[in-house]
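Here's the structure, in structure tokens; my notes come after.
We did not get these values from a lab; they are worked out from the coordinates using the rules stated. Just so we're clear, the structure is a prediction, and the values are computed from it rather than from any experiment. In this analysis, Cβ positions are derived from the backbone assuming ideal geometry, glycine residues included, and neighbour counts consider all displayed protein chains.
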Amino acid sequence: MKRFLSFVTALCVAHSINCLGNNLIKPGELWTDNTGVHINAHGGGILYHEGMYYWYGEYKGAYTYRAPGVGWECYRTETGGVSCYSSKDLYNWNFEGVVLQPDTLNPHSDIHPSMVIERPKVIYNDKTRKFVMWMHIDNYNYSKAASGVAVSDSPTGKFTYIGSMRPNGQESRDMTLYKDDDGKAYHIYSSEGNSTLYISLLNDDYLAPSGKYTRNFIGKSREAPAIFKRNGKYYCVTSGCSGWSPNEAEYAIADHITGPWTAIENPCRGKDADKTFYGQSTFVLPVVGKSDCYIMMFDKWNKNHLIDSRYIWLPIQFSGDSITIPWREEWKIPE
Ligand code: GAL
């Protein structure tokens with residue numbers, strides 16, 4: 001028994017933040033779930049609901065290939081749907097399964113494994129009591145440039161896929177959702193050939209665009225948006241546009257979520273800050289019950305083996321209204 005326990009301890013130390021009882025975040029390392037498997041929730045986002053955090057993300061297929069006949073570096077896997085992991089402490093994650101299943105039977109379905117499902121985000125609608133998921137839907141060469149919507153009665157699914165659209169009649173690729181304090185929700189997506197970021201108010205049921213939107217960072221080619229709010233100001237962290245390869249992040253501030261936005265600078269500090277520590281933004285998580293505690297979530301893509309892409313979570317630091325994101329080999333969420 002003693003030998004077994006020390007073996008388990010050695011595994012935990014070697015591998016991850018996620019072994020039971022662990023309380024450290026180690027950016028870029030292998031993060032295992034309660035079953036000992038690397039967490040497969042890429043391009044993800046987190047919903048806090050009734051005392052539990054739910055992490056949703058792209059459930060990548062095991063095999064990475066380069067889409068034939070596509071000029072740019074279109075590495076991809078079969079689409080495995082959207083996964084969900086739950087946690088109370090943000091260190092130990094339970095696999096809740098694939099909560100939006102791919103449609104393996106219909107080759108024309110948006111969510112057939114041959115298609116692309118990326119950057120899923122889930123918000124809760126207090127009026128309809130539905131969990132609403134939006135995601136980037138694309139085809140093998142990313143020319144569909146659409147957004148898909150799914151709903152569920154429970155945070156752990158199963159989600160029912162409703163369909164896809166080009167919101168406001170425009171392309172949409174990298175995306176996130178933001179639910180504001182007043183219950184209004186926004187869909188934020190890269191559009192117009194990824195050159196311009198749209199911020200689009202959703203209908204009250206969160207299932208469709210309301211038709212009210214703004215065009216932001218026009219011609220600046222920003223993607224991978226992640227939005228949060230602090231002291232009445234809105235922050236938007238984005239990446240540049242270079243596929244799976246890293247580039248320099250940038251943050252912007254606004255008094256209203258729909259803009260106008262003022263671009264500030266790269267918030268990253270430390271080694272490889274000019275390459276976002278080899279990561280790309282996906283979400284900012286406000287830690288519930290802790291003031292000024294926000295976690296910046298990046299994906300560290302491994303384009304040749306996408307399922308093995310890692311997660312870089314770092315603390316956001318504030319000085320007045322300015323932010324920085326310092327590199328940490330490991331860190332703890334402040335008590
Ligand atoms: C990135 C984007 C990813 C994925 C990738 C495909 O720019 O942020 O979510 O779409 O391109 O190459």
*Build a GNM of the chain with springs between Cα atoms under 10 Å: which of D181, D138, D204 gets the top mean-square fluctuation?*
D181
*From the phi of every residue in segment 258-273, what ³J(HN,Hα) in whole Hz does the Karplus formula 6.51 cos²θ - 1.76 cosθ + 1.60 yield, where θ is phi - 60° and glycine or proline is x?*
7, x, x, 9, 10, 6, 9, 5, 6, x, 6, 9, x, 4, 6, 4
*Name the long-range amide H neighbours of G44: under 5 Å, sequence gap of 5 or more, or other chain; modelled H, no Pro or chain starts.*
E58
*Among rounded, prolate and oblate, which fits segment 206-250 when a ≥ b ≥ c are the square roots of the eigenvalues of its C-alpha gyration tensor, a/c under 1.5 means rounded, and a/b larger than b/c means prolate?*
oblate
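With contacts defined as alpha carbon pairs under 8 Å and 6 or more residues apart, what's the relative contact order of the chain in percent? Intermediate results must be reported in sequence, preceding the final value.
Numbers: 881 pairs, mean separation 44.1, N = 335.
Once divided by the residue count of the chain, the mean separation gives 13 percent.
Does the chain come out rounded, prolate or oblate, given a ≥ b ≥ c as the square roots of the eigenvalues of its C-alpha gyration tensor, rounded meaning a/c under 1.5 and, failing that, prolate meaning a/b above b/c?
On the way: a/c = 1.35, a/b = 1.15, b/c = 1.17.
Since a/c stays below 1.5, the shape of the chain is classed as rounded.
Taking segment 68-156, which trypsin sites (Lys or Arg not before Pro) meet the DSSP loop condition and have no more than 12 other C-beta atoms within 10 Å?
Numbers: sites: R76, K88, K121, K127, R129, K130, K144; in loops: K88, K127, R129, K144.
When the trypsin sites (Lys or Arg not before Pro) of segment 68-156 are filtered for loop state and at most 12 Cβ neighbours within 10 Å, K88, K127, R129 remain.
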*Counting other Cβ atoms within 10 Å, keep those with at most 16, restrict to DSSP loop, and tell me which chymotrypsin sites (Phe, Trp or Tyr not before Pro) in segment 254-332 are left.*
W327
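What size of dipole, in debye to the nearest 20, comes out for the chain about its Cα centre when the only charges are +1 on Lys and Arg C-beta atoms and -1 on Asp and Glu C-beta atoms? List each step's numbers first, then the result.
Numbers: 34 positive and 36 negative charges, 59 e Å.
In debye, rounded to 20, the chain gives about 280.
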*Top mean-square fluctuation among R215, R269, R310, Gaussian network model of the chain, C-alpha springs under 10 Å?*
R269
_Students often forget the sequence filter, so: which aspartates and glutamates lie under 15 Å Cα-Cα from K60 once same-chain residues fewer than 8 apart are removed?_
E78, D103, E118, D138, D299, D308
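Please go through the residue pairs K184/K233; K275/K303; K127/K212; K158/K220 and name each one whose alpha carbons sit more than 27 Å apart in this structure. Working shown, then result.
Values: K184/K233 16 Å; K275/K303 16 Å; K127/K212 20 Å; K158/K220 38 Å.
Violating the 27 Å limit, Cα to Cα: K158/K220.
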*asked:* Please enumerate, by chain and number, the lysines with C-alpha under 20 Å from the C-alpha of K88, excluding those fewer than 8 residues away in the same chain.
replied: K26, K121, K290, K332
*For the chain, what does -39500 (n - 2.57) per DSSP helix run (n ≥ 4), summed and divided by total residues, give at 222 nm, in deg cm²/dmol to the nearest 500?*
-1500 deg cm²/dmol
*With springs connecting C-alpha atoms under 10 Å apart, model the chain as a Gaussian network and identify which of E50, E29, E192 has the largest mean-square fluctuation.*
E50
*Using a Förster distance of 56 Å, how high is the FRET efficiency between N266 and T128, based on the Cβ-Cβ distance and rounded to 0.05?*
0.90
*Excluding residues fewer than 8 places away in the same chain, name every one of the aspartates and glutamates whose C-alpha is closer than 15 Å to that of K179.*
D126, D204, D205
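By counting other Cβ atoms within 10 Å of each Cβ, how are D180, D110 ranked from fewest to most? List each step's numbers first, then the result.
Values: D180 13, D110 21.
Fewest to most other Cβ atoms nearby, the residues stand as D180, D110.
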*So, with +1 on the Cβ of K and R and -1 on the Cβ of D and E, and no other charges, what is the size of the charge dipole of segment 259-318 about its Cα centre, to the nearest 20 debye?*
140
